[in-house]
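Engineer: Below: one structure in structure tokens.
The values are calculated or read from the model by the stated rules, or taken from the named source; none is laboratory data. Predicted model, so just to flag it, every value in this text is computed and none were measured. Cβ sites come from the backbone with ideal geometry, for glycine too, and all protein chains shown count toward neighbours. All accessible areas refer to the heavy atoms of the entire protein, side chains included, with ligands and DNA or RNA removed. Shrake-Rupley method; radii C 1.70, N 1.55, O 1.52, S 1.80 Å.
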Amino acid sequence: MKRNLRTKITGGIIFAVILLMPLTVFAADTKTEYVPSMYASIWSLLPPVIAIVLALITKEVYSSLFVGILMGGLFYSGFSLEGTMTHIFDEGIISVLSDSYNVGILIFLIILGILVAMMNKAGGSTAFGNWAKTHIKTRVGAQIATIILGVLIFIDDYFNCLTVGSVMRPVTDSHNVSRAKLAYLIDSTAAPVCIIAPISSWAAAVTGFVEGENGFSIFIRAIPYNYYALFTIVMMIMLVVTKFDYGPMRKHEINAIEKNDLFTTAERPYADAEDEKGNENGKVLDLIVPIVVLFVSCTIGMIYTGGFFEGTNFVAAFSQSDASIGLVYGSFVTLLFTIIFFGIRKVLSFKESMECVPDGFKAMVPAILILSLAWSLKAMTDSLGAAEFVAGVMENSAGHLMNFLPAIIFVIGCFLAFATGTSWGTFGILIPIVVAVFEGRDETMMILSISACLAGAVCGDHCSPISDTTIMASAGAQCNHVNHVTTQIPYALTVAGVSFVTYIIAGFVRNPIISLIIGLILMMATMLGIRKIVGVEE
């Protein structure tokens, strides 16, 4: 539930305090706030950690997430059966699925699934794949094209993940790029690009958390210090251009190249989606036109929710937009347009378009299920006060080792976002603390520390199996989710290590250009060293 700003929950739920008194007593105002015994302690981080570890060990994400939810419910209720059931379902799963923002994201996912099914059936995806085969000659070219498209779609990470996946899957498949590698490229051009793009839903969220300051100006000045995002882009390009991979990703890539197996593992939940052949009369326009309309419609939808058509300027409209509603508006308009467009082109009848509705829904079921469970786990973590625990650790460290504080903030941001699966929630917790510590005293260190918070949040979100952006990257690439996570983590940790060292340097140098140059040199040296050890795939 990255975008839901209720991450700083201060307590649990209000219960009756006198359970054995007559019913008339309940009519009186005798309620008190229930606070679990593990509230705001290190135990509050255990449920997501259990879920993540289980997912990585068992390679089975659904049951792992539910076990994490169950542990959160037990911790919250004090191991009471009734309290656990109530908290898990009523205040957890049912609550997150009735949240308007989350419902909007699920509707957006479903409509995107329908659009993809329609483009496949109309032959647009096949036509684009055939076109790409004649224009994009190499694996390197296919991956670079994916990166470029991901960088260009900087408005929103959800939109980025699903759109880039839909467009580039036929291209990367034709060049035997593994689905795990495609998911990594998608994920690494989603949040890392959005967090350094001034006009994006992420920039809007960050500016809203910087109270008492010019949030947009601070966001712009923090970009050169956002080492994780910048270094991630550098790393992607180096991996692709120098033709090497390491860790679990290397196995996936070699398997794709040598055996023409894009999935590697037996678990391939989206494989059936590739079986249907599209209309032979389909053209490249049948893919490109709906994607362009989707981009324009979603952008207009987002600024509409921010009041752009009521006189608000473009930047301000983005800063106060509701991405969930805006994306639903945009995707629905695109769906209507696509039905009419395909009907006029006679590549898809109205009946055939309607047949794509259940197909598109079914294609998104794995992503919807994982998202719903991840949101529920986030609710469990919030109710246990994980945010308050981390905020306390953060405040206690502020007065010590001042020059090392950006690096400390980066690590705390990584850990919090990894455990909770929310980068936006991490922004909401840490940025106000940073502003309170440095406001009016050391503006440079405030900018540097805010950027460290942003970088850490994106890094943790990038690594976390319960992050909605990570989940959507898996859906966009049609890759097994655990495969995506296990192959991406070594890359994310490599960039995180270099970023951590660079933040230590920046804490002393306090010059964005010098520290960035040093960090880039470290990043490239690290990558060249790894390449020398592991070699290339082809």
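Engineer: As an exercise: evaluate Ser125 against (1) in a loop (DSSP other than H, G, I, E, B); (2) touching a Pro at 6+ places or on another chain (Cβ under 7 Å) and give the number of the one condition it does not meet.
Structural biologist: (1)
Engineer: Scan the range 278-296 for residues that are part of a helix (DSSP H, G or I) and buried (at least 22 other Cβ atoms within 10 Å of the Cβ) and report the count. Can you show your working first?
Structural biologist: So in the range 278-296, the residues part of a helix (DSSP H, G or I) come out as 285-296.
Applying the additional criterion that residues be buried (at least 22 other Cβ atoms within 10 Å of the Cβ) yields 286-287, 290, 294.
Of the residues in the range 278-296, 4 are part of a helix (DSSP H, G or I) and buried (at least 22 other Cβ atoms within 10 Å of the Cβ).
Engineer: If you don't mind, another one. Would you confirm whether any residue within the range 405-419 is open to solvent by less than 10 Å² (accessible area, probe 1.4 Å), under 24 Å from Ile233 (Cα atoms) and either in contact with an Asp or Glu (Cβ under 8 Å, 6 or more places away or on another chain) or modelled with pLDDT under 80 (or both)?
Structural biologist: Among the residues of the range 405-419, at least one is open to solvent by less than 10 Å² (accessible area, probe 1.4 Å), under 24 Å from Ile233 (Cα atoms) and either in contact with an Asp or Glu (Cβ under 8 Å, 6 or more places away or on another chain) or modelled with pLDDT under 80 (or both), which makes the answer yes.
Engineer: Taking Val241, is it modelled with pLDDT of 85 or more, surrounded by fewer than 17 Cβ atoms within 10 Å (Cβ to Cβ) and in contact with a helix residue (DSSP H, G or I) (Cβ under 7 Å, 6 or more places away or on another chain)?
Structural biologist: When the stated conditions are applied, Val241 passes them.
Engineer: Could you count how many residues in the range 323-347 are closer than 22 Å to Ala127 by Cβ, open to solvent by less than 10 Å² (accessible area, probe 1.4 Å) and of a type in the set (A, V, I, L, M)?
Structural biologist: 1
Engineer: Do you know which residues across the range 38-83 are outside any helix (DSSP H, G or I), at pLDDT 80 or above and either open to solvent by less than 70 Å² (accessible area, probe 1.4 Å) or within 23 Å of Phe415 (Cβ to Cβ) (or both)? Spell out the reasoning first.
Structural biologist: Restricting attention to the range 38-83, the residues satisfying the condition of being outside any helix (DSSP H, G or I) are 38-41, 59-60, 78-80.
Checking which are at pLDDT 80 or above leaves us with 38-41, 78-80.
Scanning the range 38-83 gives Met38, Tyr39, Ala40, Ser41, Gly78, Ser80.
Engineer: Sort through Met302, Met236 and tell me the only one that's out of contact with any His (no Cβ under 9 Å at 6 or more places or on another chain), at pLDDT below 90 and of a type outside the set (Val, Ile, Thr). Break it down into steps so the answer makes sense when it comes.
Structural biologist: Details: Met236 fails: at pLDDT below 90.
The unique qualifying residue is Met302.
Engineer: Give me the pairs, please: first residue somewhere in the range 231-252 and closer than 20 Å to Ile518 by Cβ, second residue anywhere and part of a loop (DSSP other than H, G, I, E, B) and open to solvent by less than 30 Å² (accessible area, probe 1.4 Å), beta-carbon distance under 8 Å, and either six or more positions apart or on two chains.
Structural biologist: Short answer, once both residue conditions are applied: Ile233/Thr189.
Engineer: Among (1) under 19 Å from Gly519 (Cβ atoms); (2) crowded, with 18+ Cβ neighbours inside 10 Å, where does Ile218 come up short?
Structural biologist: Unmet for Ile218, out of (1) under 19 Å from Gly519 (Cβ atoms); (2) crowded, with 18+ Cβ neighbours inside 10 Å: (1).
Engineer: Taking the residues in the range 348-388 that are of a type in the set (A, V, I, L, M, F, W, C) and open to solvent by 50 Å² or more (accessible area, probe 1.4 Å) as candidates, determine which candidate is farthest from the chain's Cα centre (by Cα).
Structural biologist: Restricting attention to the range 348-388, the residues satisfying the condition of being of a type in the set (A, V, I, L, M, F, W, C) are 348, 350, 354, 356-357, 361, 363-365, 367-371, 373-375, 377, 379-380, 384, 386-387.
With the extra rule that they be open to solvent by 50 Å² or more (accessible area, probe 1.4 Å), the set shrinks to 350, 354, 357, 361, 365, 369.
Numbers: Phe350: 34, Met354: 30, Val357: 25, Phe361: 21, Val365: 18, Leu369: 16 Å.
Per the stated criteria, the residue is Phe350.
Engineer: Mind listing just one residue for me: the one in the range 244-260 that is surrounded by 16 or more Cβ atoms within 10 Å (Cβ to Cβ) and in a loop (DSSP other than H, G, I, E, B) and, of those, modelled with the lowest pLDDT?
Structural biologist: Among those that are surrounded by 16 or more Cβ atoms within 10 Å (Cβ to Cβ) and in a loop (DSSP other than H, G, I, E, B), it is Phe244.
Engineer: Also, quick follow-up: Given the criteria more than 20 Å from Gly165 (Cβ to Cβ) and either small (Gly, Ala, Ser) or under 14 Å from the mean Cα position of the chain (by Cα) (or both), does Ser467 qualify? Full working, then the answer.
Structural biologist: On the way: more than 20 Å from Gly165 (Cβ to Cβ): no; either small (Gly, Ala, Ser) or under 14 Å from the mean Cα position of the chain (by Cα) (or both): yes.
The answer is no for Ser467.
Engineer: Tally the residues that are touching a Gly at 6+ places or on another chain (Cβ under 9 Å) and either open to solvent by less than 20 Å² (accessible area, probe 1.4 Å) or among the basic types (Lys, Arg) (or both), restricting the search to the range 88-103.
Structural biologist: 2
Engineer: Follow-up. Being without any contact (Cβ under 8 Å) to a residue 40 or more places away in the chain and not hydrophobic (A, V, I, L, M, F, W, C) is the filter; apply it to the range 429-480 and report the residue that is most open to solvent (accessible area, probe 1.4 Å).
Structural biologist: The residue in question is Arg441.
Engineer: In the range 141-163, how many are in a helix (DSSP H, G or I), among the β-branched types (Val, Ile, Thr) and either open to solvent by 30 Å² or more (accessible area, probe 1.4 Å) or over 13 Å from Lys181 (Cα atoms) (or both)? Working first, answer last.
Structural biologist: Step one: list which residues in the range 141-163 are in a helix (DSSP H, G or I), which gives 141-152, 157-163.
Imposing the further condition that a residue be among the β-branched types (Val, Ile, Thr) reduces the set to 144, 146-148, 151, 163.
Of the ones still in play, those that are also either open to solvent by 30 Å² or more (accessible area, probe 1.4 Å) or over 13 Å from Lys181 (Cα atoms) (or both) are 144, 148, 151, 163.
The qualifying residues number 4.
Engineer: Note down all Cβ pairs under 6 Å where the first residue falls in the range 116-128 and is within 13 Å of Thr338 (Cα to Cα), the second is at pLDDT below 85 and among the aliphatic types (A, V, I, L, M), and they're at least six residues apart or on different chains.
Structural biologist: Correct list of pairs: Met119/Leu287; Gly124/Leu287.
Engineer: Next up: Go through (1) within 16 Å of the chain's Cα centre (by Cα); (2) open to solvent by less than 10 Å² (accessible area, probe 1.4 Å); (3) of a type outside the set (Asp, Glu) one by one and return the number of the condition Tyr503 breaks.
Structural biologist: Condition (1) is where Tyr503 drops out.
Engineer: Say whether the condition of being over 27 Å from Asn160 (Cα atoms), touching a Phe, Trp or Tyr at 6+ places or on another chain (Cβ under 8 Å) and either at pLDDT 85 or above or assigned to a helix (DSSP H, G or I) (or both) is met by at least one residue in the range 105-113.
Structural biologist: Quick first cut of the range 105-113, residues over 27 Å from Asn160 (Cα atoms) only: none.
Within the range 105-113, not a single residue is over 27 Å from Asn160 (Cα atoms), touching a Phe, Trp or Tyr at 6+ places or on another chain (Cβ under 8 Å) and either at pLDDT 85 or above or assigned to a helix (DSSP H, G or I) (or both).
Engineer: Do you know which residues across the range 313-361 are within 30 Å of Val206 (Cα to Cα), at pLDDT 85 or above and not aromatic (Phe, Trp, Tyr)?
Structural biologist: Of everything in the range 313-361, those that are within 30 Å of Val206 (Cα to Cα), at pLDDT 85 or above and not aromatic (Phe, Trp, Tyr) turn out to be Ile325, Gly326, Val328, Gly330, Ser331, Val333, Thr334.
Engineer: Then there's this: Wholly within the range 465-538, which helices (runs of 4 or more DSSP H) include no fewer than the required count, namely at least 1 residues that are within 17 Å of Ala452 (Cβ to Cβ), among the polar types (S, T, N, Q) and modelled with pLDDT of 90 or more?
Structural biologist: Working: elements: 468-477, 481-509, 512-534.
Here the list reads 481-509, 512-534.
Engineer: Quick check on Tyr101: is it touching a helix residue (DSSP H, G or I) at 6+ places or on another chain (Cβ under 9 Å) and either farther than 30 Å from Met238 by Cβ or not in a helix (DSSP H, G or I) (or both)? Outline the logic, then answer.
Structural biologist: On the way: touching a helix residue (DSSP H, G or I) at 6+ places or on another chain (Cβ under 9 Å): yes; either farther than 30 Å from Met238 by Cβ or not in a helix (DSSP H, G or I) (or both): yes.
Yes.
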